[in-house]
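Take a look at the structure below.
Derivation of every value follows stated rules applied to the coordinates shown; laboratory data play no part. These numbers come from a predicted model, not from an experiment. We place every Cβ from the backbone using ideal geometry, glycine too, and count neighbours over all the protein chains shown.
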Amino acid sequence: MEKILLTRVGYEKIIRELEILSRVERPQVVRELMEAAQEGRLERNQDFQAAVAQRQRLEKRIRQLQQILANAEVLVGSNLPPTKARFNSRVRIVNLRDGREQEFLLVSAVEADVGQGQLSLSSPLGRALLGRTRGECVQIQTPRGPRSYRILDIRMEEA
C-alpha cells in the first residue's frame, strides 16, 4: 500500500482517536452488547441488533485507523522552498471574482477537512496551489465554472 503523508498534528490526532475507540468506546459497546444479549431472543431484540451494528461500525473505524497508521509517514520537510505552497503550509488566497479571502492548511486527503481549513493536496485547488508562490494566480475548473484565485500569503505551519 502507498505511504500516507500526515502532519505531526494529524498523526497525533489519529493516535488519540484510536486510543479512545479502543480503550473507552470498544469496552462500552461490548458491555451494551452483553446487557442486550441477556434480554432474550436475539433476532427480535432491537437493543442487541443496534449494539451489534454499533460494534461493527466501531471495529471498521478501528481497522481504518490502524491501516492509516501502518502506512503513515509524518512529513517534516520538503524539497520545495518555504516560499512555495507545499504540504503543511498555510496558504491565504483571495477569490478574484468576489474578493472573499480564505486560508487553508495543505494536508493529505486523510487529514482534509475544508470546514476546519484543511485542504487536501489531491483536491483541484490543492493541486493548483502546490508549488506556487505569493502573488501568483491559479485557476481551477469547478462544476459551476472556472474559479480564479490569487495567493496572498504562504507560511509554514509549526511542527
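List of remarks:
- The trypsin sites (Lys or Arg not before Pro) found in the stretch 78-159 that occupy coil by DSSP, while having at most 12 further C-beta atoms within 10 Å, are Arg97, Arg100, Arg144.
- Residue-count net charge about Ala112 - beta-carbon cut-off 15 Å; Lys, Arg +1, Asp, Glu -1: -1
- Mean-position separation - Cα centroids, the stretch 11-71 and the stretch 115-139, in angstrom: 37 Å
- Helix-derived mean residue ellipticity, 222 nm - over the chain, DSSP H n ≥ 4, -39500 (n - 2.57), to 500: -11500 deg cm²/dmol
- Evaluated at q = 0.13 Å⁻¹: base-10 log I(q)/I(0), Debye formula over Cα of the chain: -0.72
- GluC sites (Glu not before Pro) within the stretch 1-72, DSSP loop, no more than 13 other Cβ atoms inside 10 Å: Glu2, Glu39
- In the stretch 7-60, trypsin sites (Lys or Arg not before Pro) in a DSSP loop with at most 15 other beta-carbon atoms within 10 Å: Arg41
- Stretch gain in nm, segment Glu19-Asp113, where the contour uses 0.36 nm per residue and the Cα spacing is subtracted: 31.7 nm
- FRET E, pair Glu59, Ser122, Förster distance 35 Å, beta-carbon r, rounded to 0.05: 0.80
- Backbone amide hydrogens, once placed in the peptide plane, bring Ala72 within less than 5 Å of Ile4, excluding anything fewer than 5 places away on its chain.
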